[in-house]
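Inspection log for the structure reproduced underneath, given as structure tokens.
Nothing in this text is a laboratory measurement; each read-out follows from the coordinates by a stated rule. Quantities reported herein were computed from a predicted structural model and do not represent experimental measurements. We place every Cβ from the backbone using ideal geometry, glycine too, and count neighbours over all the protein chains shown.
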Amino acid sequence: MEQQIKITTTSDSKLKDIDFDNIPLGKAFTDHMFICDYEDGAWQNPRIEPLEFIPTHPAAMALHYGQAIFEGMKATVGKDNTPLLFRPEENAKRFNHSAARMGMPSVPEELFVEAVKQIVGVEYGWIPPQEGSALYLRPFMYADEPFIGMRAATSYKFIVICSPAGPFFTKKIRLYAETKYIRAADGGTGEAKAAGNYAAAILPTEKAKAKGYDQVLWLDANEHKYIQEVGTMNIFFKVDGKFITPSTNGSILKGITRDSVITLLKDKGFEVVERPITIDEVIEFSKEGKLEEAFGTGTAVAIAMIEAIGYNEELITLPDTNPVSQDMKNTLDEIKAQKREDKHGWITPVSIKEKVK
Ligand SMILES: Cc1ncc(COP(=O)(O)O)c(C=O)c1O
């Protein structure tokens, strides 16, 4: 059933100002946003409106206590220019998992998916057609109740904004295995896509970049030896013909790309083992010549091939060739462009909205 989402469109579209071959990453936004208010225990007034600033009380609880979560997903174009979403119901489920951990209200899955479909239906002209490019969608929720004191807020906003994006990380990446700072501890918020997790990662990421790396490779909080994930990606290692990826343990974000890649690798006949894996094991595999490929998986980048991992005084370097990583990247890109059969039913077509004033 379609949610009743009121749509008000602008007559002053900025679409003509964007050059899809040179998109300023993360800085370009489409003309509209979806917005919905949580008040009196219910989500109210779902609407699509021209994108604009949101008046915020200086005591809004998200600003002080950090009740804020988000999702990341992409819209692509398929056959006959149909806008497509990739597994949106999985983002809806993860959003609610994050909301529950942060003491925030859930958003009915149907409302989440419909919000995303309808904003894409309005903004379809902003989906860049170039291969590897997409319209990045950012659903998020934050506590906007003005209140000083530690308790769950009673009012929230659920918003979806859209930003056209070119291909991320087109080159191979270098990771820095962090031994001082941690991303997530047992019992913490690592499995939630909570804004605070990213705030805590900013300083270590800047330090890793200053050392010449692209992203941090997070290790566990207790012993600093078990590999968890990368800045905004999960990680896979190809060792002696098989794939190993850290098992999700409550501290790792359950990536939708991770889950899709496990399925695709198995489709290709590879064994995929989800288990705890230490950085020392990876060094050992590398020394024995068994480390064949390593890559990160995430919505922003799909697949990012890894060139090297720095850890204390060691530098683990990966072989130059990455046939399976490349195949996974192509497979995902082709499914998302409807150039390859969608065997697992991951693609959701979106109907284009007539622009209503
Ligand atoms: C910390 C973290 N891990 C993993 C991922 C990959 O998740 P997904 O494949 O659902 O984008 C992301 C990106 O959302 C992330 O921010």
Computed for the chain: size of charge dipole around the Cα centre, +1 on C-beta of each Lys and Arg, -1 on C-beta of each Asp and Glu, debye to nearest 20, value 260 debye
A correct fewest-to-most ranking of W218, W43, W126 by other Cβ atoms within 10 Å would be W43, W126, W218
Residue-ordered couplings for region 282-289, obtained by feeding phi - 60° into the Karplus form 6.51 cos²θ - 1.76 cosθ + 1.60 and rounding to whole Hz (Gly and Pro as x), are 5, 4, 4, 4, 5, 5, 7, x
The alpha-carbon center of region 27-49 and that of region 99-125 are separated, in whole Å, by 9 Å
Here, trypsin sites (Lys or Arg not before Pro) of region 139-224 satisfying both criteria (DSSP loop; at most 12 other Cβ within 10 Å) are R151, K171, K180, K211
Per GNM of the chain with C-alpha springs under 10 angstrom, the most fluctuating residue out of G125, G149, G66 is G149
Ranking P246, L203, L264 by how far each Cα lies towards the positive end of the charge dipole of region 166-301 (+1 on Lys and Arg Cβ, -1 on Asp and Glu Cβ), the top one is L203
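Can you give the charge dipole size of region 6-167 about its Cα centre, rounded to the nearest 20 debye, using +1 on the beta carbon of Lys and Arg and -1 on the beta carbon of Asp and Glu? Write out the running numbers ahead of the final one.
Details: 15 positive and 21 negative charges, 74 e Å.
Rounded to the nearest 20 debye, it is 360 debye.
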Hydrodynamic calc, the chain: Kirkwood Rh from Cα pairs, then Stokes-Einstein at 25 °C with viscosity 0.890 mPa s, so D in µm² s⁻¹ is 115 µm²/s
Length gained, K6-A200, 0.36 nm per residue minus C-alpha separation, equals 66.1 nm
Among G121, F95, T179, the residue whose Cα sits farthest towards the positive end of the charge dipole of region 75-199 (+1 at Cβ of Lys and Arg, -1 at Cβ of Asp and Glu, taken about the Cα centre) is T179
For region 176-323, the dipole about the Cα centre with charges only on Cβ (Lys and Arg +1, Asp and Glu -1), to the nearest 20 debye, works out at 400 debye
For T263 and I54, extending 7 Å from Cα along the Cα-Cβ vector and measuring point to point gives, in nm, a value of 3.1 nm
Answer check: region 160-269, Cα atoms, Kirkwood Rh, Rg/Rh ratio of 0.97
